Structures are given as structure tokens and as C-alpha cells.
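First the structure, in the form of C-alpha cells, and then the observations on it.
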Amino acid sequence: MNTSGMLRGYLAKMMDNESYFYHVVNCIEMQLNDWKKEAILLFDWEETAELIPVSFFIDNELYSFAIEKEKAAKLQEKSPYSLDRFMWEALVEQGFTLKESNYIHVAFQ
């Protein structure tokens, strides 16, 4: 998946937290599809909840984690790919293996 740092920086600054979170999850899903992985990505952005539960079903494996809304917002402000990196690292910690791609390279630089 190809990605533009300049465009992502603009999106991180201009989008509200919920929309940006959705965008990042969508980018992860697109990358998984590029790798020919069967993926279903679910999260629940409950208005009144402090925590966002996240579940990724990837090739019949379940990967689950949660992130506080405040932390997601801070990662969005920190750098354009910090939230992506957080999510990918959560997957890796549970045994998911990353492959090479432009997107992964940019997210982890």
C-alpha cells in the first residue's frame, strides 16, 4: 500500500479523533487486503466510553486490544503514523507477523 506522509499529516491535523481512528483502521484493513489476508476489523467508538475495544480477525485468528480515547488523540497529535504504529505493535505482540511495504516502512520510521 502506498502512502503519503504529507497527506497523512494534513488528515491528522484536520480530522476529529473518531474519524481519524476510523481512517487508520481502514488503512490497516487495506494493507491486510494487499497482503491477501482475510480480515475483519471491528471497534466500538462509544460516545460515553473512555476505552475503545478493538478486535481484528485476520485469517481466522483473533487479535484484541483496547486503547483509551485520550491516548488515541495524543498519538494522533504526536505524529501522523503513531496511531498506526500502536495498532500494528499490538498485533505483533499477539503473534502477528508484519511483511514489508511502503506503509509499514513509513509507519515504523
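We did not get these values from a lab; they are worked out from the coordinates using the rules stated. All figures in this text were calculated on a predicted structure; none of them were measured in a lab. Ideal geometry is used to build each Cβ from the backbone, glycine not excepted, and the neighbour counts take in all protein chains shown.
The charge dipole of the chain, taken about its Cα centre with unit charges on the Cβ atoms of Lys, Arg (+1), Asp and Glu (-1) only, comes to about 480 debye. Modelled this way, with points 7 Å down the Cα-to-C-beta line, the labels at residue 78 and residue 35 are 2.1 nm from one another.
Put in line by how crowded their Cβ is, counting other Cβ atoms within 10 Å and starting with the fewest, 92, 24, 106 read 92, 106, 24.
Net charge of the neighbourhood of residue 80, taken over other residues with C-beta under 12 Å away and scored Lys/Arg +1, Asp/Glu -1, is +2.
Lysine pairs in the range 5-108 whose alpha-carbon atoms fall under 27 angstrom of each other, counting only those eight or more residues apart or on distinct chains, come to 10.
For residue 52, the residues whose amide H sits under 5 Å from its own are 67, 68, 69, ignoring neighbours fewer than 5 places away on the same chain, with H placed 1.01 Å from N.
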